[in-house]
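Laboratory data are not the source of any read-out in this text; all were calculated from the coordinates shown. Not measured: the values here are computed from a predicted model. Cβ placement follows ideal geometry from the backbone for every residue including glycine, while neighbour counts extend to all protein chains displayed.
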Amino acid sequence: MTYLLLAVLWIGWCAIHSGMISLATTEWLKRQLGAGYRFYRLFFNLFAVATVMPLFAYTESLHGPALFRWEGSLIGAQVLLLALSALLFLAGAWHYDLLQFSGIRQITTGSSHHVLSETGRLKTTGVLSVTRHPWYLGGILFVWAACETMDVAVLVRNMILTAYLIVGAILEERKLLIEFGDEYRAYQELVPMLVLLPWRRTARPTKDDSEDQAGVARRS
């Protein structure tokens, strides 16, 4: 019963968090708040952090028998996953506008974009030529590699957060398709959403596609 409650709390947080940033919610708030909407991203970030911290604390309080530990020869794999996670976050930050992510740019300029770039244009270079969502992928790796010991409570949390990050990437895709249309569809054909699956062959660009992608890169 305890772990069921834990699952419900984590699923509830994920649902609220996703709902607050959904297109339906943000478009409605834009109409209702007008110029005041520029403060919403900052409020959203602060609310997310303030509400997730008690959940992490509650999860850690439910100590149970260890199901898995990063120890011995596995420590090298843990360090590798954490390093890859950090690299994905840093490489993503090179292309993303951290001021927009935090909500500060919206406050100072009064405008925002679906993509986390200062110009609002689609970027496809660097780490974005390997994965379309480096921060989501980095988050998934961090969730599993950051815990020294995994018990049932941590397993429940990690599974829900992994599903949440995957769903978040899918929902982000819908926003980007609305904003960029065929330009983003071409990008989807060339670069995997998270990782390249063994059975999925990424489409090779034709001559016309190559010219289009080069144009996108130059504009970015």
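Of everything in segment 128-146 that is touching a residue at least 60 places away in the same chain (Cβ under 8 Å) and in contact with a Phe, Trp or Tyr (Cβ under 9 Å, 6 or more places away or on another chain), the residue that is farthest from Tyr58 (Cα to Cα) is Leu128.
Scan segment 175-193 and tell me whether some residue there is under 22 Å from Gly19 (Cα atoms), under 19 Å from the mean Cα position of the chain (by Cα) and not in a helix (DSSP H, G or I). Yes, some residue in segment 175-193 is under 22 Å from Gly19 (Cα atoms), under 19 Å from the mean Cα position of the chain (by Cα) and not in a helix (DSSP H, G or I).
Within segment 1-86, which helices (runs of 4 or more DSSP H) (wholly inside it) include 3 or more residues that are among the hydroxyl-bearing types (Ser, Thr, Tyr)?
Working: elements: 2-20, 23-33, 40-61.
In segment 1-86, 2-20, 40-61 are the helices (runs of 4 or more DSSP H) which contain 3 or more residues that are among the hydroxyl-bearing types (Ser, Thr, Tyr).
The set of residues in segment 18-40 being in contact (Cβ under 8 Å) with a residue 60 or more places away in the chain, within 16 Å of Leu171 (Cβ to Cβ) and not polar (S, T, N, Q) consists of Leu23 alone.
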